[in-house]
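First comes the structure, then the notes that go with it.
Laboratory data are not the source of any read-out in this text; all were calculated from the coordinates shown. Keep in mind that this is a model prediction, so the values were computed, not measured. Reconstructed Cβ throughout: ideal geometry from the backbone, glycine too, with neighbour counts over all protein chains shown.
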Amino acid sequence: MCVPSKKDKNAPTYYMSQEFKDYVLFKPNSQWIYKLESQDVYDTLEIIEQNISITNYTDIFDYKGESINQTISSTYLKNIILGGGGAGTLGSKDICGYSQGINAPFLVSQVNFFTGKTTGEYLSNLESSKTKYLLFFNTYIVLDKTFQNVKVFEKSFELSALLPRKVYYAKNVGLIRKELWNGQVWNLVDYEVKQ
């Protein structure tokens with residue numbers, strides 16, 4: 001759960017939860033190598049830059065939230081992926097959300113991961129934000145490697161064929177599998193992360 005600060009009653013500040021950090025917050029030079037299922041095609045993602053700050057949302061939401069912005073390189077796309085997210089509140093629940101976007105040819109972004117909800121719940125009822133926390137696995141195997149504490153999220157709204165329809169995140173590893181709207185499935189084959 002994201003924790004509100006008690007410092008300013010007029011504009012509370014929400015901080016990223018440890019759970020959120022365990023799944024999506026990795027230091028620059030962290031790398032993940034993915035293989036396209038049924039093909040000999042690879043993609044190496046590397047965090048080039050990451051900034052953590054407090055974003056002021058008081059004009060819209062009446063709170064401030066700790067946020068991250070990441071610049072991630074992709075060898076397959078030969079392009080930059082923009083990652084970002086942070087802490088806040090939605091309705092009566094404190095949440096932390098993370099999204100990734102690509103320029104194709106304009107920025108297209110979607111929420112891939114969030115905390116503060118239970119399995120089966122959607123992030124929100126907005127059609128473009130219909131991301132569901134689908135499943136939790138104590139262990140999950142990808143290409144003969146076993147990962148612990150895996151959360152699965154699924155989109156019900158396609159923004160781009162190049163974005164994931166379903167994603168699998170493992171604690172202290174990050175994204176281990178992604179199933180795109182275009183039918184491609186990418187599985188993690190190797191990684192080196194710094195938290």
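Between amide H atoms placed 1.01 Å from N, distances below 5 Å from Thr89 occur with Ile95, all of them 5 or more places distant or on a separate chain.
For Phe147, neighbours were defined as the other residues whose beta-carbon sits under 10 Å from its Cβ, and their charges (Lys and Arg +1, Asp and Glu -1) total +3. Placing one equal scatterer on every Cα of segment 3-192 and applying the Debye formula, the log10 ratio I(q)/I(0) at q = 0.16 Å⁻¹ is -1.03. Taken along its principal axes, the alpha carbon cloud of segment 20-74 reaches lengths of 49, 21, 19 Å, longest axis first.
The H on the amide N of Val193, modeled in the peptide plane, is under 5 Å from the matching H of Gln31, each at least 5 residues off or on a different chain.
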